[in-house]
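One structure is given below, encoded as structure tokens.
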Amino acid sequence: MKQIALDIGLAAGPTLAGFFAGPNEAALHHLQLWAGSPTRSPVPTYLWGAPGSGKTHLLKAVREALREQGASAGWLDASVHEPPAFNDNWAVVLLDQVHLYTAVQQHAAFNWFVNAQTYQRGVLAAGDLPPAGLALREDLRTRLGWGHVFQLQVLKETELRSVLRQAADARGVFLGDEVMDFMLTRFSRDLGNLMQLLEQLDRYALQTQRAITIPLIKSMLENE
């Protein structure tokens, strides 16, 4: 069946505690220690893996954890076409989607990286490819790869089903097997998208006073 990629993004305010690690436990544990320490290591960390493996969720979760501590972070992804100058008030630098960076963004990322090292600030970056496979300027590519590097794995279907079931139970809603099948075959399997879809379904079911069924999902899509 053709998959429908919904433009619904990640749920607001992702957290490290809300990340289902599965095979990515080592990376999650590393980030929990790193984000939670007031003397976090300035050695950079790079996450890589296929789309849907949770890279952006983890970077945003680290940013949220820092915000709760009263700290700020520099953020750069492929949508930031005019990156700001490095701010020495930043506790860390977060570089997402590095595999998509333009020449301008690569220049800014390198400048941020150098300044972060000068001020002993942490750098956390993420991309779809391992450092050696990145088509970036050499000085940036080598810096991304010299610290901690973790490959993130996309969750297996059984793990996705388990996460969705737990999230639905926490909301007090029932997801039948046929609904789960429909969600996993008709929509993007990115866990962030699936969790946002569940939130939308729960809200729509409450509004219409109906159980979550395949007809309800189709009705919600028709009324968007």
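Yes or no, residue by residue, for (1) buried (at least 18 other Cβ atoms within 10 Å of the Cβ); (2) assigned to a helix (DSSP H, G or I); (3) in the same structural domain as His57 (by TED's automatic domain parsing):
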residue	(1), (2), (3)
Arg165	no, yes, no
Asp169	no, yes, no
Glu178	no, yes, no
Thr185	no, yes, no
Arg189	no, no, no
Ala205	yes, yes, no
Arg210	no, no, no
ask   = Quick check: is even one residue across the range 122-144 free of Cβ contacts under 8 Å to residues at least 60 places away in the same chain and touching a Leu at 6+ places or on another chain (Cβ under 6 Å)?
value = yes
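Select from the range 163-209 the residues that are among the small types (Gly, Ala, Ser) and without any contact (Cβ under 8 Å) to a residue 12 or more places away in the chain and list them in ascending order. Walk me through how you get there before you give the answer.
Let us first name the residues in the range 163-209 that are among the small types (Gly, Ala, Ser), namely 167-168, 170, 172, 176, 188, 192, 205.
Matches in the range 163-209: Ala170, Gly172.
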message = Consider the range 116-127. How many of its residues are assigned to a helix (DSSP H, G or I) and surrounded by fewer than 18 Cβ atoms within 10 Å (Cβ to Cβ)?
response = 2
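Would the range 100-107 turn up any residue that is modelled with pLDDT under 95, among the β-branched types (Val, Ile, Thr), assigned to a helix (DSSP H, G or I) and not assigned by TED's automatic domain parsing to the domain that holds Asp181? Walk me through how you get there before you give the answer.
Applying the first criterion (modelled with pLDDT under 95) to the range 100-107 yields none.
Within the range 100-107, none of the residues are modelled with pLDDT under 95, among the β-branched types (Val, Ile, Thr), assigned to a helix (DSSP H, G or I) and not assigned by TED's automatic domain parsing to the domain that holds Asp181.
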note = Among (1) assigned to a helix (DSSP H, G or I); (2) out of contact with any Ser or Thr (no Cβ under 9 Å at 6 or more places or on another chain), Glu82 falls short only on (1)
task = Would you mind finding the one in Leu33, Leu28 that is buried (at least 19 other Cβ atoms within 10 Å of the Cβ) and either in contact (Cβ under 8 Å) with a residue 24 or more places away in the chain or outside any loop (DSSP other than H, G, I, E, B) (or both)?
result = Leu28
query = Only one of (1) over 29 Å from Leu58 (Cα atoms); (2) out of contact with any Lys or Arg (no Cβ under 7 Å at 6 or more places or on another chain); (3) of a type outside the set (S, T, N, Q); (4) in a helix (DSSP H, G or I) is not met by Leu216, so which one is it?
reply = (2)
message = Here is a check on your reading of the model: is Ala50 in contact with a strand residue (DSSP E or B) (Cβ under 7 Å, 6 or more places away or on another chain), within 23 Å of Met195 (Cα to Cα), surrounded by fewer than 20 Cβ atoms within 10 Å (Cβ to Cβ) and touching a residue at least 12 places away in the same chain (Cβ under 8 Å)?
response = no
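The values are calculated or read from the model by the stated rules, or taken from the named source; none is laboratory data. The structure displayed is predicted, hence computed values, not measured ones. Virtual Cβ from ideal backbone geometry, glycine too; neighbours counted across all protein chains shown.
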